[in-house]
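A quick write-up on the structure given underneath.
The values are calculated or read from the model by the stated rules, or taken from the named source; none is laboratory data. Computed from a prediction, not measured in an experiment: that's the story for all the values here. Heads up, the Cβs are rebuilt from the backbone with ideal geometry, glycines too, and the neighbour counts pull from every protein chain shown. In case anyone asks, the SASA skips ligands and DNA or RNA and just uses the protein heavy atoms, side chains included. Shrake-Rupley method; radii C 1.70, N 1.55, O 1.52, S 1.80 Å.
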Amino acid sequence: MQLWCTENETEYLGLTTRVKETLFAGKSEFQDVAVVDTYQFGRMLVLDGVFQTSIAEEFVYHEMIAHIPLFIHPNPKKVLVIGGGDGGAVREVVRHDTVEKVEMVEIDGLVVEVSKKYLPQISKAMLENNPKLDLKIGDGIGHMAAAENEYDVIIVDCSDPIGPGEGLFTHAFYQNVYKALKPDGLFVQQTESPFYHQPLIQRLSKDIKDIFPIHEMYLAHIPIYPGGMHCFTIGSKKYASKDVDLSNRQKLETKYYNEELQKAAFALPNFVKELIK
Ligand code: SPD
């Protein structure tokens with residue numbers, strides 16, 4: 001018998017990959033949680049039927065969501081990660097010498113638990129209890145509403161804007177992100193596919209521009225996301241991607257991110273420019 005796992009993207013499009021074995025399938029208070037071992041990508045985390053990350057290609061997403069904003073800020077010391085329960089984003093954040101503390105607030109303890117058990121390469125920083133990391137299981141929206149003038153960089157490593165991720169794509173949430181950042185802080189959020197999620201991206205870009213003086217978008221190529229083209233959106237109080245000078249910054253060994261991409265990832269195709277104009 002052949003087992004296949006499909007993420008339904010639209011009524012007319014699905015992404016399907018052949019499964020060797022289902023390692024975990026359960027339900028938390030918030031969502032369906034599964035880890036499947038696939039022929040193409042190795043082990044893969046699937047939440048509410050949506051592909052989140054896999055052993056074969058997770059480096060693209062996690063390096064790009066962490067290193068791009070952490071190098072735009074000239075001296076990031078205190079970082080907050082909202083979501084990111086698989087641990088991949090914090091694994092990359094703790095590698096930065098300037099970073100002294102990373103708070104991570106993930107709503108779903110089951111995601112953390114299964115990631116530690118089945119995805120140890122990704123959840124490394126959580127498994128090793130990295131001393132910079134302060135992991136809380138809780139509501140990122142509430143955490144953000146309570147924070148003020150605290151963080152240099154905030155990383156919103158959320159799932160899709162349905163279910164537990166929904167409230168992380170709202171004007172009210174971005175206002176709280178602004179308040180939680182220090183006067184020169186910046187934030188990044190994964191903002192889905194510029195091809196398949198255009199109304200969402202138009203709305204959130206408008207909201208972020210309304211609140212932050214600097215709004216930027218960059219792209220990365222992520223094989224398990226629809227179309228492969230994925231975008232990340234930045235709201236910044238002071239620093240912009242064009243001003244980054246990496247000459248005296250830490251050199252990191254990476255598989256996707258590099259110094260050229262620090263600027264080149266912000267080069268957008270015309271249809272994307274038009275979308276966020
Ligand atoms: N459409 C899929 C977006 C998933 C973003 N979250 C990925 C989590 C990886 N840490």
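How many of the residues in segment 150-162 are surrounded by 15 or more Cβ atoms within 10 Å (Cβ to Cβ), part of a loop (DSSP other than H, G, I, E, B) and of a type in the set (A, V, I, L, M, F, W, C)?
So the count comes out to 1.
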**Complete:** Those residues of segment 35-60 which are within 15 Å of T16 (Cβ to Cβ) and within 14 Å of the ligand (Cβ to nearest atom) amount to F41, M44, V46, G49, V50, F51, S54
**Unique residue being within 13 Å of the ligand (Cβ to nearest atom) and β-branched (V, I, T) when the list is I214, I154, I122** = I122
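Give the residue, chosen from V105, V99, that is open to solvent by less than 10 Å² (accessible area, probe 1.4 Å), in a loop (DSSP other than H, G, I, E, B), more than 10 Å from the ligand (Cβ to nearest atom) and among the aliphatic types (A, V, I, L, M). Working first, answer last.
Numbers: V105 fails: in a loop (DSSP other than H, G, I, E, B).
Only one candidate qualifies: V99.
Let's see how each residue does on (1) under 20 Å from the mean Cα position of the chain (by Cα); (2) more than 20 Å from V93 (Cα to Cα):
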{"site": "H215", "(1), (2)": "yes, yes"}
{"site": "L219", "(1), (2)": "yes, no"}
{"site": "C231", "(1), (2)": "yes, no"}
{"site": "K238", "(1), (2)": "no, yes"}
{"site": "K242", "(1), (2)": "no, yes"}
**Message:** Tell me yes or no: at least one residue of segment 142-149 is open to solvent by less than 10 Å² (accessible area, probe 1.4 Å), within 17 Å of the chain's Cα centre (by Cα) and within 21 Å of Y61 (Cβ to Cβ).
**Reply:** no
**Asked** Would you call V114 farther than 25 Å from F71 by Cα, in contact with a strand residue (DSSP E or B) (Cβ under 8 Å, 6 or more places away or on another chain) and either open to solvent by less than 10 Å² (accessible area, probe 1.4 Å) or within 15 Å of the ligand (Cβ to nearest atom) (or both)?
**Response** yes
**Q175 vs. criteria of a type in the set (S, T, N, Q), farther than 18 Å from L275 by Cβ and surrounded by 15 or more Cβ atoms within 10 Å (Cβ to Cβ)** = yes
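Determine which member of the set K27, K77 is open to solvent by 40 Å² or more (accessible area, probe 1.4 Å), farther than 13 Å from I122 by Cα, away from the ligand (no atom under 16 Å from the Cβ) and touching a residue at least 12 places away in the same chain (Cβ under 8 Å).
Only one candidate qualifies: K77.
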**Message:** With within 11 Å of the ligand (Cβ to nearest atom), within 18 Å of E150 (Cβ to Cβ), in contact (Cβ under 8 Å) with a residue 24 or more places away in the chain and buried (at least 19 other Cβ atoms within 10 Å of the Cβ) as the only criterion, which of G88, G83 stands out?
**Reply:** G83
**Message:** Given the options F41, F24, F71, F51, name the one that is touching a Pro at 6+ places or on another chain (Cβ under 8 Å) and among the aromatic types (F, W, Y).
**Reply:** F41
